[in-house]
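Working notes, structure below.
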């Protein structure tokens, strides 16, 4: 081994730099709840001052025709003599919304207070027209349609996944490391779908301003939601790592591998989500934590997700590379068209399992957001269904199963293949080639039994 | 080992792309996870609409506050709708209520 440091510390440093660079906040408008709270505070303060003034006034002489102190639902006007013009600053809640300061005036006449001048919205720079324009409305409608679409997608995925999971659980013959990992992946898909439903129910069902009522519960749901999504990405990564380990690493312990996968799949999201919860609590404790405006806080979730997508994509490419190499050795004997067919088939099979499609939009520009949302939500919500179908129901595809039986009756299979030969359909040729070509002793072939049970 | 090195290289390049793509002055708006992006956008929109509606109502309320007192006839907002006004009256004692009533009855000029 060379004495240089491995690239990981450098990478870590780069990641830290990136996080530091991302530490800027995009200005988010406050929620109505917070605005109302500020307004309430101002009102209480004003009313207290006014009542104090009044009690003081009662002991002395009452101003005969003056204007009494006034809370006009917005600002606090101190009592004034007739003919006086009173100036007050724009209320704090308006300043929160507009970020602009200004003053308003009222004249105290003999008949009482005059109207406010200039008009409060003009004086304090309130512009209500620019934020609720047509494009926003159209976008909102589009998002609502997407919500319906992904609800359908997730519910159908949920049903299929539950059936698939119960099949994998109930047949003892199907119990093996690979299927255990599949089962965990299924559970993570189920959780992702469920958490979406729960989140939607909590966030969008009730109308009206829900300020303090269930804020803690709402945040808890949000933390659970983030955890489920991260766990799903982590399990996709675990699948990738497991298959890659089987193909590229000669000797490893199945049990340890499974333990590592469980730690990665359920443990690492917990760490990141806990970190996010803490940072969110201290840095951006706004609303129900449903709006992620602070980029640096959001990187705690976003960074690991992008990293997992990236690593999984690299693993995916590498596995295809290994597969292609194996198939090429077979080329002399096999039909070339057949060879590409198999390659295409296995590629298509591996995409949903690895979540390789996420790479398409992982680094896309912001303009493509609507396409991304359609692709990843309306279509992506069926990923669980596709995975359940491919890796549980279609697994026993007849032709492949026959081949599998042929291969596995000769050797004692680790995980019998009634339904569970997950990577078999397209990639079975890989095993064949490894077995059939002793001239090229591959690393995968050199490994113990798992190489054929996987592929 | 070779693979790890290759991967590290690719990752560094990708992160560099991210890093430089970001630093062109525009703030990052993307959430990367579609569900969260959708939730973010929807919540933001709902918030905005809620806020704008409330603000319009509020401004109207303030504008009507004086005309409400000055001329009893032209009151676009009913007293029942004006929750804050009611609360205001409740907060004040009985004596203060009388003052408010006096104010209410006062006519301009």
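Of the conditions (1) within 21 Å of residue B:9 (Cβ to Cβ); (2) in contact (Cβ under 8 Å) with a residue 24 or more places away in the chain, residue A:307 fails just one. Which one is it?
(2)
Between A:370, A:376, which is within 13 Å of chain B (Cβ to nearest Cβ) and either crowded, with 20+ Cβ neighbours inside 10 Å or closer than 18 Å to residue A:165 by Cα (or both)?
A:376
Could we say that residue A:140 is outside the structural domain of residue A:234 (by the TED database), within 23 Å of the chain's Cα centre (by Cα) and part of a helix (DSSP H, G or I) here?
yes
For residues that are in a loop (DSSP other than H, G, I, E, B) and within 13 Å of chain B (Cβ to nearest Cβ), scanning just the stretch A:97-118, find the one that is surrounded by the most Cβ atoms within 10 Å (Cβ to Cβ).
Among residues in the stretch A:97-118 that are in a loop (DSSP other than H, G, I, E, B) and within 13 Å of chain B (Cβ to nearest Cβ), the one surrounded by the most Cβ atoms within 10 Å (Cβ to Cβ) is A:116.
Of these, A:274, A:263, A:248, which one is in the same structural domain as residue A:363 (by the TED database) and touching a helix residue (DSSP H, G or I) at 6+ places or on another chain (Cβ under 8 Å)?
After ruling out the rest, the residue left standing is A:248.
The values are calculated or read from the model by the stated rules, or taken from the named source; none is laboratory data. Please read all numbers here as calculations on a predicted model, not as lab measurements. In this analysis, Cβ positions are derived from the backbone assuming ideal geometry, glycine residues included, and neighbour counts consider all displayed protein chains.
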